[in-house]
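Structure first, commentary second.
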Ligand code: CUA
């Protein structure tokens, strides 16, 4: 009976039971409070009802009672706050060695590019039991990438990257919804999350005709002429980009930022805004000249030439070359929201 009337979506990620536990706790607390208030309402209404000849007696309050009803809710609310924060921060912080997938939203579809080079539309193939980080942006309006079975939802914004991650725990096909009203066919902006066991996933992901995304990025890097200024011999008019990704960058205006996905993206589309110290403002903007997919490929390429975060395609060789890359742990400051 309950199987035909599920109150909860299936729990198919490592986060799902944690989100549910918190939600059930809130429901129970809320239910108990509602019950308490209703019971007292009825009890007091009956007990202190009007009786002829009986007068109400003025009282001066009760310190013990007031402390009790202040301290108990305070403790309960603080528990909810700490618990909620713990769930929130683990949901917001992708593990450093996650598999990376780029998502581009547009009215009204989801375009997915894997670091290995596979592309798909309104579908996302992922392996069971591996951390997957989604690096998402929108070509037009605000969308929201929502997988109920994984208990994750994140707005996808034009002009910047947002990130969400999950680790699927059960093979199967799960709903993907757009959870932000984005126009006429918003309700049709849906898809399938296909969770496969590792063997099937490897077979699927290695069937890519186009090679890794970072290789596509390298090609674009050469085609757009980036390589004439950003030279690896440090003689170029732009900064050498080798090993830059994931590291702190000193800017002309004195700020220090981490070269994360959003920083790389901003440098391509609005080079003047966060210019690296010691370089002239000569880089032209590539706004309108490169598609979201091309920006993603460039980001993947920059990752692949940085030791701190080897790209998917280069992972195997990087691992053998530097078994313990010192910069492997990404600083938390580099997380995009
Ligand atoms: Cu996209 Cu709603």
So which residues in segment 212-264 are part of a loop (DSSP other than H, G, I, E, B), within 28 Å of residue 113 (Cα to Cα) and free of Cβ contacts under 8 Å to residues at least 12 places away in the same chain? 225, 230, 231, 232, 240
Kindly indicate the residue of segment 175-184 that is within 8 Å of the ligand (Cβ to nearest atom) and exposed (fewer than 15 other Cβ atoms within 10 Å of the Cβ) and also farthest from residue 142 (Cα to Cα) among those meeting that condition. 183
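Give the residue, chosen from 217, 246, 236, 191, that is within 16 Å of the ligand (Cβ to nearest atom) and either under 22 Å from the mean Cα position of the chain (by Cα) or buried (at least 16 other Cβ atoms within 10 Å of the Cβ) (or both). Spell out how you get there, then give the answer.
On the way: 217 fails: within 16 Å of the ligand (Cβ to nearest atom); 246 fails: within 16 Å of the ligand (Cβ to nearest atom); 236 fails: within 16 Å of the ligand (Cβ to nearest atom).
Selected residue: 191, the only one of 217, 246, 236, 191 that is within 16 Å of the ligand (Cβ to nearest atom) and either under 22 Å from the mean Cα position of the chain (by Cα) or buried (at least 16 other Cβ atoms within 10 Å of the Cβ) (or both).
Here's the yes/no breakdown for (1) in a helix (DSSP H, G or I); (2) free of Cβ contacts under 8 Å to residues at least 24 places away in the same chain:
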| position | (1), (2) |
| --- | --- |
| 10 | no, no |
| 20 | yes, no |
| 25 | yes, no |
| 31 | yes, yes |
| 35 | yes, yes |
| 38 | yes, yes |
| 41 | yes, yes |
Collect the residues in segment 127-138 that are in contact with a helix residue (DSSP H, G or I) (Cβ under 6 Å, 6 or more places away or on another chain) and more than 15 Å from the ligand (Cβ to nearest atom), keeping them in residue-number order. 127, 135
For residue 200, state whether it is in the same structural domain as residue 120 (by TED's automatic domain parsing), within 16 Å of the ligand (Cβ to nearest atom) and over 18 Å from the mean Cα position of the chain (by Cα). no
Note on residue 141: of the conditions (1) without any contact (Cβ under 8 Å) to a residue 60 or more places away in the chain; (2) under 15 Å from residue 261 (Cβ atoms); (3) within 16 Å of the ligand (Cβ to nearest atom), unmet is (2)
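Does residue 172 fit the bill of being under 22 Å from residue 293 (Cβ atoms), surrounded by fewer than 20 Cβ atoms within 10 Å (Cβ to Cβ) and touching a residue at least 60 places away in the same chain (Cβ under 8 Å)? Talk me through it step by step, then tell me what you get.
Details: under 22 Å from residue 293 (Cβ atoms): no; surrounded by fewer than 20 Cβ atoms within 10 Å (Cβ to Cβ): yes; touching a residue at least 60 places away in the same chain (Cβ under 8 Å): yes.
No, not satisfied.
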Of all residues in segment 129-160, count the ones that are assigned to a loop (DSSP other than H, G, I, E, B) and surrounded by 18 or more Cβ atoms within 10 Å (Cβ to Cβ). 2
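The values are calculated or read from the model by the stated rules, or taken from the named source; none is laboratory data. Not measured: the values here are computed from a predicted model. No Cβ is skipped: glycine too gets one built from the backbone with ideal geometry, and neighbour counts run over all protein chains shown.
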